[in-house]
Amino acid sequence: MNASDPVAPFEFATATRIVFGAGRLAEAGAIARGFGKRALIVTGAHPERAGRLQDGLKAAGVSSETYSIHGEPTTLNVATGLARAKLKGFDVIIGFGGGSAIDAAKAIAGLLTNDRDLFDYLEVVGRGQPMTHPAAPWIAIPTTAGAGAEVTRNAVLTSREHKVKASLRSPHLLARVALIDPELALDLPPSVTTTTGLDALTQLIEPFVCLRTNPLVDALCLDGLRRIARSLRTAVSAGHQLAARTDMALAALFGGLALANAGLGVVHGLAAPIGGSHPSPHGAVCAALLPHAIALNLQALRKRAPTSPALPRFATLAQVLTGRDQASPEEGVLWIQELVRELATPSLRSLGVPRDAFQELAEKAAAASSMRANPLPLLHEELVALLEAAW
């Protein structure tokens with residue numbers, strides 16, 4: 001990367017409004033009142049965490065109910081929430097929780113105004129048809145720092161019958177408001193902080209080295225990577241420290257902005273079929289794959305695309321993560337390996353992914369939308385070898 005690098009034409013889109021800062025949950029009631037009077041709050045497994053939000057909504061004259069998602073959202077979760085939203089006449093949807101709750105809320109809001117079947121719009125296992133109408137007004141309020149779903153235009157859903165994760169994807173799915181309050185993560189346990197934080201790390205690395213990067217994405221990724229490098233360990237070990245939580249919230253936000261406007265790569269290409277057929281925390285799957293994926297991409301680029309503009313980016317990545325100006329790409333891989341080892345993240349084997357599934361997982365990954373932005377196409381046998389290394 002240098003001043004003479006050509007800049008290809010690009011676009012950049014995100015939520016209509018981003019509200020960031022400690023204590024800003026207090027503004028949620030007034031924001032929601034600008035969109036409607038009846039709010040469906042889509043939460044994770046602990047809807048009681050939305051108590052303060054509901055109090056603020058009530059004070060602003062907005063009635064509310066919660067709809068809880070246990071685990072990562074499925075097509076059935078969305079269909080059930082959609083039916084409830086229609087039956088009870090909710091006019092604003094709020095996603096309050098991690099990426100799962102926010103993606104479910106996003107999908108429900110989109111399907112409220114686009115009345116064809118969910119599978120008409122779903123990618124990969126559906127018909128992938130475009131949504132033609134703006135989503136119902138919806139607000140994203142993340143309580144973790146990982147997915148960046150508050151600013152993405154896709155909702156990742158698990159189709160149990162197909163054993164895969166796939167996306168609803170449309171510019172119409174962008175939130176009207178993304179409200180990010182780092183205080184909401186102060187009570188997160190270390191295990192959740194670890195898995196979500198490593199998801200955020202992956203979602204900054206993959207857009208930075210992918211085929212569709214651009215100067216805005218570069219700036220976001222580099223700043224976010226510096227914040228994770230200095231604050232993830234602190235957020236895990238001393239989660240009450242607001243400065244570390246603020247860094248992680250910004251890094252997750254930047255990762256969401258980056259992936260929505262550039263793309264991802266092989267880690268998420270494999271994570272989709274793994275998560276669809278062997279349910280496990282998405283961030284843990286990313287952590288198991290990440291160092292091996294970077295090593296594989298490096299090896300494949302040097303062998304088959306030695307003049308690729310992606311190669312120098314791996315050196316820049318290593319320099320940002322290690323804080324050393326002369327760090328090599330391999331030292332970046334080692335830094336990530338040491339991080340996941342220090343945080344005691346599990347292997348694919350520990351996550352229950354069987355070796356006899358590798359061939360099928362590699363085949364499904366090749367068709368995943370995330371793979372289209374990987375720095376170069378990877379061979380089937382390379383994907384299987386990556387899974388072996390992460391097992």
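Specify whether the C-alpha gyration tensor of the stretch 221-279 places it in the rounded, prolate or oblate class, a ≥ b ≥ c being the square roots of the eigenvalues: rounded for a/c under 1.5, otherwise prolate if a/b is larger than b/c and oblate if not. In terms of gyration-tensor shape, oblate.
Modelled this way, with points 7 Å down the Cα-to-C-beta line, the labels at residue 84 and residue 58 are 1.9 nm from one another. Multiplying the residue separation of residue 337 and residue 379 by 0.36 nm and removing their Cα-Cα distance gives an extension gain of 12.8 nm. Backbone amide hydrogens, once placed in the peptide plane, bring residue 42 within less than 5 Å of 67, 94, 95, 96, excluding anything fewer than 5 places away on its chain. Within straight cross-link reach of residue 163, meaning Cα distance under 12 Å, which aspartates and glutamates are found once same-chain residues fewer than 8 apart are removed? Partners found: 360. Each DSSP beta bridge with both residues in the chain is either parallel or antiparallel, and the antiparallel ones are about 20%. For residue 20, the residues whose amide H sits under 5 Å from its own are 180, ignoring neighbours fewer than 5 places away on the same chain, with H placed 1.01 Å from N. Put in order of Cβ neighbour count within 10 Å, fewest first, the listed residues 169, 233 become 233, 169. The chymotrypsin sites (Phe, Trp or Tyr not before Pro) of the stretch 12-119 that DSSP puts in a loop, and whose beta carbon has at most 14 other beta carbons within 10 Å, are 12.
Its Cα centre serving as origin, the chain has a Cβ charge dipole (Lys and Arg +1, Asp and Glu -1) of approximately 660 debye.
Over 21 Å between Cα atoms, which of 88/165; 106/364; 58/88 qualify? Violating the 21 Å Cα-Cα cut-off are 88/165; 106/364. Angle of helix 380-390 to the longest C-alpha principal axis of the chain, folded into 0 to 90 degrees and rounded to 10: 80°.
Model label points for residue 129 and residue 326, set 7 angstrom from Cα along the Cα-to-Cβ axis, are 6.1 nm apart. The chain has equivalent-ellipsoid semi-axes of 33, 23, 20 Å, by the square roots of 5 times the alpha carbon gyration tensor eigenvalues, sorted largest first. Per-residue 3J(HN,Hα) values for the stretch 134-145, derived from phi via the Karplus relation 6.51 cos²θ - 1.76 cosθ + 1.60 with θ = phi - 60°, read x, 4, 4, x, 9, 10, 9, 10, x, 10, 10, 10 Hz in sequence order (x marks Gly and Pro). This model, with +1 at the C-beta of Lys and Arg and -1 at the C-beta of Asp and Glu, gives the stretch 268-374 a dipole about its Cα centre of some 260 debye.
Look at where the Cα atoms of the stretch 73-87 and of the stretch 357-376 average out, and the two centres are 29 Å apart. Remark on residue 162: its backbone amide H falls under 5 Å from none of the residues 5 or more positions apart or on other chains, H modelled at 1.01 Å from N. Compute the helix-to-body angle for 242-261: its Cα long axis versus the longest principal axis of the chain, expressed 0 to 90° and rounded to tens. Rounded to the nearest ten degrees, it is 80.
Compared with the alpha-carbon gap, the fully stretched path from residue 359 to residue 113 is longer by 84.6 nm at 0.36 nm per residue. Between the alpha-carbon centres of the stretch 7-27 and the stretch 166-180 there is a gap of 11 Å. Shape class of the stretch 190-390 from the alpha-carbon gyration tensor: oblate, with a/c at 1.5 or above and b/c at least as large as a/b.
Once the Cα-Cα distance is subtracted from the 0.36 nm per residue extended length, the residue 22 to residue 120 segment shows a gain of 31.3 nm. Helix 75-88 axis versus longest C-alpha principal axis of the chain: approximately 20°, rounded to the nearest ten.
Every number here is computed from the coordinates shown, using simple stated rules; none is lab data. Computed from a predicted structure; not experimentally measured. Note that each Cβ is placed from the backbone with ideal geometry, even for glycine, and that neighbours are counted across all protein chains shown.
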